[in-house]
Structures are given as structure tokens and as C-alpha cells.
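**Student:** Encoded as C-alpha cells, here's the structure I'll be asking about.
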Amino acid sequence: MEDLRPKALRIAVIGAGPAGVYAADILAKASSDELRVSVDLFDRYPAPFGLIRYGVAPDHPRIKGIIQALHKVLDRGDIRFFGNVNYGVDLSLDELRRHYHAVIFATGAVHDAALAIPGIDLAGSFGAADFVSWYDGHPDVPREWPLQAQQIAVLGHGNVALDVARMLVKQADELLSTEIPENVYRTLKASPVTDVHVFGRRGPAQIKFTPLELRELSHAADVDIVLYPEDFQFDEASDQAIKSNNQVRTMVNTLTNWLAEQPEVSTAARRLHLHFLHTPVEILAAEGQLCGIRFERNELVGNGQVQGTGEFVDYPVQAVYRAIGYYGSPLTELEFDSRLGVLKNDGGRVLDAAGRPLPGIYTTGWIKRGPVGLIGHTKGDALETVGFLLEDRVSLPEPAEPRPETIVELLNSKGVEYTDWAGWLKLDAYERSLGDAWPELASPDQQKLGIVRERIKLVPRDEMIKVSRS
């Protein structure tokens, strides 16, 4: 009987963050004598690595180390990288189908989830994702950020909330050893902030931080952590979680130790306040200016969930950052679930308006399952999606122009200034050279710190493209 399975597959992966690189890696390793798989990886930014480059605080060396693993995958040479290529602008779905047997969308979730409370649109009310993009040197956000507030509220009890709070209270000179761009350093250095308040709806046993994130708070110089005894409530579910979950037990022990050991009077230049059992109900304004935030106090009800007590409390702040989750963006020509912020899909097979799988169209990562879980969880997503793709290979539509050079010809014909892997290596070397040259440009006070800078991130998109394509 004739074997109808294709002997070669051309796959496009849209999105070069961890989810996209993991999927591309699994696909490339699926090549064998019986099936040749070639993968092209596209990203809208000139540089690869997505969330790791533009969504993780710069003082996270361990997490940033994931870049090294992703770098090794792309440095093998069996996956082609095309940066500065924007799906829906530079390439359409029909064009991708013309050149590839299948397309995997791994575009992630980069926007802030909405919070529908009065005052949320006041000047001084920000989404955490925008702030993260700014301090991470994202090429498509303004290079300035309004840091005039002395007292700031951060809403959320996840790792992003702690990242944002830590970046707001940390002394800017401590960040000079990272790849932080110069404009970010200058703005943080001039910040007048004295107090950052981090609020969560539930109790200490329900926080979504990781122990590493929590411990890092105590490492910031000249910053006191402030806790409040009335926030330390535990119900039956809390007690069970503390007994059965090492991570929960570690974090609760850390918090209760900090509470017991905190001084009666803070002597630090800045304070980071951790609040539990608070639900935001309104951002307050006076004469059109943000001046505070109102919360309803909560109580635990036995199962780890909370209910409002009817007691309200106001805090004077001049800025509010919401870090309550990310939200995916719709993609041209594909069905989008606006409630979940994901592409409509079944295990990674993208669905049409009638709920039927679109031949050759797949998804993985946060745009597939929503912005939950840690970076490593995207590997499981990728395995599932690639498994379905390979299972479907008999029925994948045959592209009209599968030759590898034709996609290059198409981009060139459109005048797309795409970058490639060799271009990333140039940009990487250039950013490292900026770090090497920094001591000569540093002020005398900075030179006294004796800081070694491995690299300084280049921010403007046009400069990134110029260096990469030189």
C-alpha cells in the first residue's frame, strides 16, 4: 500500500519567545530519514526571546539564564530566524499557507487584563505590562515614564506585581549591574518614591508569588518591608495548604517571620508594604488628580476564597499599577476568544468560526491556554501542539511554494527589513560592547561602585535593525 505521508514538512512558527522556540526545537528534532522537518521562526521584534527579553525584570539573572538555553537552540543552525516581521502586516495568513505546510502561532499575551472600577482611567493609573515593557527597553513603547509619585499602589499578588514593586523601590544604582537601558536608570534614579503598597484579595496562604520572588524583596538595600498583623488570617483551606504544600509553607513562614521581626519604626529611605485581604473598589481623585485608592476589606470563608466585610479603607497614593494578569491580542484572520484572551483552539488545533479545526493552523503558549503558569510550562504546551501537528501530517495542505528561498524573496519584494540569526549575534555583541565601554562613560560616583556591566540593552527599533543588518 502506498505511503501517503509527506516526506518533508515546512513549518512556520510565529513568535520567538520561549513558547515559539520550544515548539521550533521539538519540530526540528522530529526530523529523521523518513521525515525532514524545516522550521522558520518569525517575530515582530528585531531580536528573539520575547517574554524573556521584554517581560522579565532585569535583576533576575537566573530567569534571564533561560536565554542561554534558547540561544543554544537557535544557534544550532537548523531553525531559521526572521526578526522584525509582523504577522498581519508583513505577512498574511494566505501568504504563510502558500509557503508552509503548517503554521504555529506563539504570540503570547502582552497586554494588561482590564479592571473595571471607577477611576481606573485617571492619569497615574497604569498597567503593569506597560511599565515592564518600559523598564525592559521594549522598542515600541515611549522611552520616558512618569515617576513623580511618592506613594504608589500595586494591585496583584503574583510575580509580576512583585517585580513591579521591587523595581519601584530598589535603589537605581543596584540595577547598574544588569542590562538596564540608560534612560530607565536615569528615570528610576530620579524617582521620589518613598512607599510602595502591594495589595492582594486573599490571605497570606493564597499568594501567587514564588519563594524566590518573595526572598528577593529582602535583598534590596535601604528598603524596609512592612506587614500588618490584621492581614494575617488563615482558614481551614489555608491550614491544609500550609501542611501539604512546601512552597506555601515556605512563603507563609517567611512572611510570619518578617512580621515578628519588623522594627516598630522604619529607618529605611523606602518602604514596601504587603497587604492581604483587600479588594480595590475605586481609585480616588481630587481636583482631577489621582490622590488615593479605596478597598473593601475581605475575610476568608473556609475554602481559601474570600467575601467582603463591608468595611472600607482608603490609602493616599499618587499612582496605581495594576498587575492582575495579562491578556492576549486578537490575530488577523483567526477566531479569538475575547473572554479568555486566547485563539479558539482544541489542544492547539486552531478552530474556525464553526468550531472546526483549520487545516494546518496551530497555536501554543499563552495565546493557546491563557497567561497562567511559569515559563517552563510552555514546554508541555509545545509538546501537545507539535504532537497534533505531526499526527495531522497526512492531511496538511500542500503549499504552492515550499522552497526555503521563496519566503526570503517575498520579504525582499515587500521591502521588509527583516533580521536574522547572524544579525542577532551582531546585536548581542554590540550590547556587550556597550557594557564593556560603560566604565569610561560612568560618572565618578558610579565608577566608585566598581560595577561590571555585562551588557546594556539597545532600545530604539531602528538602531537595533541597523546594527543587526550592518
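**Student:** Which members of the stretch 372-415 meet the condition of being in contact with a helix residue (DSSP H, G or I) (Cβ under 7 Å, 6 or more places away or on another chain), assigned to a helix (DSSP H, G or I) and β-branched (V, I, T)?
**Tutor:** Once the filter is applied, which keeps residues that are in contact with a helix residue (DSSP H, G or I) (Cβ under 7 Å, 6 or more places away or on another chain), assigned to a helix (DSSP H, G or I) and β-branched (V, I, T), the stretch 372-415 yields T378, T385, V386, T406, I407.
**Student:** Please pick out the residue among G83, G88 that is touching a Gly at 6+ places or on another chain (Cβ under 8 Å) and in contact (Cβ under 8 Å) with a residue 24 or more places away in the chain.
**Tutor:** Only one candidate qualifies: G83.
**Student:** Would you please name the residue that is nearest to R322 (Cα to Cα), looking only at residues in the stretch 285-299 that are open to solvent by 30 Å² or more (accessible area, probe 1.4 Å) and among the aliphatic types (A, V, I, L, M)?
**Tutor:** A285
**Student:** I'd like to check something: does the stretch 134-143 contain any residue that is among the hydroxyl-bearing types (S, T, Y), open to solvent by less than 10 Å² (accessible area, probe 1.4 Å), under 22 Å from R44 (Cα atoms) and in contact (Cβ under 8 Å) with a residue 60 or more places away in the chain?
**Tutor:** Taking every residue of the stretch 134-143 in turn, at least one turns out to be among the hydroxyl-bearing types (S, T, Y), open to solvent by less than 10 Å² (accessible area, probe 1.4 Å), under 22 Å from R44 (Cα atoms) and in contact (Cβ under 8 Å) with a residue 60 or more places away in the chain.
Table: residues versus (1) modelled with pLDDT of 95 or more; (2) surrounded by 15 or more Cβ atoms within 10 Å (Cβ to Cβ); (3) touching a strand residue (DSSP E or B) at 6+ places or on another chain (Cβ under 8 Å).
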site: I407; (1), (2), (3): yes, yes, yes
site: E417; (1), (2), (3): yes, yes, no
site: Y430; (1), (2), (3): yes, yes, no
site: D436; (1), (2), (3): no, no, no
site: P439; (1), (2), (3): no, no, no
site: L449; (1), (2), (3): no, no, no
site: D462; (1), (2), (3): yes, no, no
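**Student:** If you don't mind, there's one more thing I want to ask. Looking at the stretch 166-181, I want the residues that are crowded, with 17+ Cβ neighbours inside 10 Å and have a partner that is of a type in the set (S, T, Y) with Cβ atoms under 6 Å, at least 6 apart or on another chain. Which pairs are those?
**Tutor:** Pairs that qualify, where the first residue is crowded, with 17+ Cβ neighbours inside 10 Å and the partner is of a type in the set (S, T, Y), are M167/Y135.
**Student:** I would also like to ask the following. Answer yes if at least one residue in the stretch 169-189 is in contact with a Lys or Arg (Cβ under 8 Å, 6 or more places away or on another chain), in a strand (DSSP E or B), over 25 Å from D43 (Cβ atoms) and not β-branched (V, I, T), and no otherwise.
**Tutor:** The answer is no; no qualifying residue exists.
**Student:** Looking at (1) surrounded by fewer than 22 Cβ atoms within 10 Å (Cβ to Cβ); (2) part of a helix (DSSP H, G or I); (3) out of contact with any Pro (no Cβ under 8 Å at 6 or more places or on another chain), find the lone condition where H219 falls short.
**Tutor:** (2)
**Student:** Which one is surrounded by the most Cβ atoms within 10 Å (Cβ to Cβ), of the residues in the stretch 34-89 that are among the basic types (K, R) and assigned to a loop (DSSP other than H, G, I, E, B)?
**Tutor:** Of the stretch 34-89, the ones among the basic types (K, R) are 36, 44, 53, 62, 64, 72, 76, 80.
Applying the additional criterion that residues be assigned to a loop (DSSP other than H, G, I, E, B) yields 44, 76.
Details: R44: 19, R76: 11.
Looking at residues that are among the basic types (K, R) and assigned to a loop (DSSP other than H, G, I, E, B), I get R44.
**Student:** Could you please tell me which pairs satisfy a Cβ distance under 6 Å, a separation of 6+ or placement on different chains, a first residue in the stretch 379-400 that is farther than 18 Å from R10 by Cβ, and a second residue that is surrounded by fewer than 17 Cβ atoms within 10 Å (Cβ to Cβ)?
**Tutor:** E384/G347
**Student:** While we're here: Would you point out the residue of the stretch 222-265, among those that are part of a loop (DSSP other than H, G, I, E, B), among the polar types (S, T, N, Q) and in contact with a Leu (Cβ under 8 Å, 6 or more places away or on another chain), that is nearest to F276 (Cα to Cα)?
**Tutor:** Residue satisfying both the conditions and the ranking: Q233.
**Student:** Quick one: is T378 modelled with pLDDT under 95, open to solvent by less than 50 Å² (accessible area, probe 1.4 Å) and within 18 Å of the chain's Cα centre (by Cα)?
**Tutor:** Numbers: modelled with pLDDT under 95: yes; open to solvent by less than 50 Å² (accessible area, probe 1.4 Å): yes; within 18 Å of the chain's Cα centre (by Cα): yes.
So T378 fits the description; yes.
The values are calculated or read from the model by the stated rules, or taken from the named source; none is laboratory data. Here the structure is a predicted model, which means the values were calculated and not measured. Neighbour counts run over all protein chains shown; Cβ positions are idealised from the backbone, glycine included. Just the protein is used for accessible areas: all its heavy atoms, side chains included, with ligands, DNA and RNA removed. Shrake-Rupley method; radii C 1.70, N 1.55, O 1.52, S 1.80 Å.
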